[in-house]
Amino acid sequence: MGIFLKLSWFFKEQKKSYLLGVLYLLLVAVLNIIPPRIIGSVVDSIQQHQLTIQKLIFFLTALTLVGIGQYLFRYFWRSYIWGSAALLEKTIRTRLVTHFAAMDETFYQKYRIGDLMAHATNDITAVQQVAGVGILTFADSIITGISTIIAMMFFVNWRLTLIAIIPLPLLAVLSRILGNIIHSAYDKAQSEFSTINNKTQESILGIKVIKALGQEQEDINDFGAHVDEVIRANRRANFLDSLFDPVTSLIIGLAYVATIVLGGYFVINNTISIGQLISFISYIGILIWPMFAIGRLFNIIELGSASYDRIQLLLSERSKITEAFNPVTKAPQGNVNYEIGKFKYPDSDEIALQQIKFKIKNGQTLGIVGKTGAGKSTILKLLLRQFDSYDGSIKVDNVDIRDYKLDVYLPSIGYVPQNSILFSTTIFENIRFAKPNASTAEVENAAFIADLHDDILKLPDGYQTQVGEQGISLSGGQKQRLAIARALILNPEILILDDSLSAVDAKTENHILRRVKRLRADKTTIIVASRLSSVMSAQEIIVIKDGRIAQRGTHKSLINEKGWYEQTYEMQQLEQQMEGGDK
């Protein structure tokens, strides 16, 4: 019952709702013992030839009123108990999603996205079951069980009651034992079902690659193997589940046998009437549910407790990105002073950055280039406050970025990664995602600067075209330009383009950069690029090698300096000439 203690904070908040729900459950249980009593009275009246029209009307009216009362009381307890359980689900889900939004990159390196989704769906549902079905089962089994046994003892015969209920506790015990085994089997079935879901998603997302490489049949065979595993797991679960009803029926049958044998003896000896025996048998039918529910309750409690512990483990995680005690709330401008002495990623002994120093003033552009894995993106991660533990400082407007309020600092940056996430909605809504109240003119202007406006107008529905999941209906270059437009619509103080022009051709790249430069004449721009043509007009270019600055200067000075930049520029120029010759 530990889960009830763990959720005591919620039960205290919703004390009134749960008390009213249990009260209505009690009223339903009280009304529930009336129909068997009435049926027994009708049988006795028939047996004694004393049933009149008036009596029959009275009995039927009483049954009707009891039915109406039960309907109303059931409606009220459902409203209070189910409604409170739904509120718990909403509360925990909101806490969890809010927590996810506040966590840092280290958290997402530790936990897989699939696991986090499972915690935010299946585990929350299991906890909600405790607050709904668990409370219902716990309260109703006690109330119904006690009220029915009392009715059996007082309305019929206490000795017959004791004999009849002896087999019923076996139902609770076997429900518990079989329930655990069945639960494990269904867990396995659900796990296999999740696996086949993952396989289906993977195959659909990678269908272009699968077809291009001619691996359709291999993928189908792999899918078939997963389906076979699902079938095997479900067969075992269904087999075990099929054992449950026969065992239940056997135990219930023992209770009925004991009732008929001893009850018949009592009827013969005029200890009870036939009507009382029929009422007693009806009461046994009512009593089956509480006995069955006890076994079910254990499963709900165990599953809910384990799920709640997993959720609490996630909520106990703390982001290493924290705000200062008295944070700066004034929005920063674009003057950046970046001075990092040394930085290592958490749980790593390798130095990722060392002696990285540069300054950028409003209206200037900084280019960052280097080989893959040199440390370019790491520089940006620190500027974006994805990590705060480093030797040195990063200042914007002479204020350490760790002293800014996060909700003030981060919105001042427009960040465009190489592979941007697009949402399954229209192009229009994707562009104005960060500024939901942006006008049509603002959206179209941002698209124009990103050289996407004309492409959009050629689409069947223009700006109202659905981009599909992960922007599947757009080309790689269109996705990148849409992400650039989404950042530009904010008109951020600092714009970061992290190799976000890699999928566009040189001519389109040139159009975009010229427009961005004209638009952002008084704001800061940082461009990380593999293609050196992206940074040629930058006021300063730094070349990163093994986490250090290997070269720095303008494009003109760097191509006249022997080193990586000059070699890479010549190679890219040669490639461009060869591509032009091929055309």
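Laboratory data are not the source of any read-out in this text; all were calculated from the coordinates shown. Since this is a predicted model, take the numbers as computed values, not measurements. Quick reminder, even Gly has a Cβ in these numbers, built from the backbone with ideal geometry, and neighbours come from all protein chains shown.
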* For all pairs of alpha-carbon atoms in the chain, what percent lies in each bin of width 10 Å, listed from the first bin to the last filled one? -> 3, 12, 16, 17, 14, 11, 9, 7, 5, 3, 1, 0
* **5 angstrom amide H check on Arg552, placed H, neighbours 5+ away** => Val543
* May I ask what percent, to the nearest 5, of DSSP beta bridges between residues of segment 336-582 are antiparallel? => 55
* Asked: How do the peptides 529-538, 212-221 rank, highest first, by the average count of neighbouring beta carbon atoms within 10 Å per residue?
  -> 529-538, 212-221
* Principal axis box of segment 449-510, alpha-carbon based, largest edge first, Å -> 34, 25, 21
* Sequence-separation-based contact order of the chain, relative, with Cα cut under 8 Å and 6+ spacing, percent -> 15
* Asked: So how long is each side of segment 403-473 along the principal axes, counting just the alpha-carbon atoms, biggest first, in Å?
  -> 48, 26, 20
* Structure fact -> Of all DSSP beta bridges having both residues in the chain, the percent classed as antiparallel (nearest 5) is 55
* To do: Sum -39500 (n - 2.57) across every DSSP H segment of at least 4 residues in the chain, then divide by the residue count to get the 222 nm mean residue ellipticity, nearest 500.
  => -20500 deg cm²/dmol
* May I ask which of Lys344/Lys479; Lys320/Lys395; Lys479/Lys517; Lys395/Lys545; Lys371/Lys556; Lys405/Lys479 have a Cα-Cα span longer than 25 Å here? => Lys344/Lys479; Lys405/Lys479
* Going by C-beta contacts inside 10 Å, put Thr195, Thr372 in order with the fewest on the left. => Thr372, Thr195
* Structure fact -> If Tyr265, Tyr338 are placed from fewest to most neighbouring beta carbons inside 10 Å, the sequence is Tyr265, Tyr338
* Counting alpha carbon pairs within less than 8 Å and at least 6 residues apart, what relative contact order, in whole percent, applies to segment 336-582? -> 27
* Structure fact -> For Lys6, counting only lysines whose alpha-carbon sits under 18 Å away and dropping same-chain residues fewer than eight positions off, the answer is Lys15, Lys90
* Likely footprinting exposure, Arg236, Arg432, fewest C-beta neighbours within 10 Å first -> Arg236, Arg432
* Shape of segment 254-348 from its Cα gyration tensor (a ≥ b ≥ c, root eigenvalues): rounded if a/c is under 1.5, otherwise prolate when a/b > b/c, or oblate? -> prolate
* **segment 350-450, relative contact order [Cα under 8 Å, separation at least 6], %** => 13
* **Those aspartates and glutamates that a straight Cα-Cα span of less than 16 Å connects to Lys208, excepting residues fewer than 8 apart in one chain** => Glu216, Glu218, Asp219, Glu469
* To do: Please give the helix 476-488 orientation as an angle from the longest Cα principal axis of the chain, in degrees from 0 to 90, rounded to the nearest 10.
  => 90
* Taking the highest mean first, how do the peptides 400-412, 344-356, 272-284 order by number of other beta carbon atoms within 10 angstrom per residue? -> 272-284, 400-412, 344-356
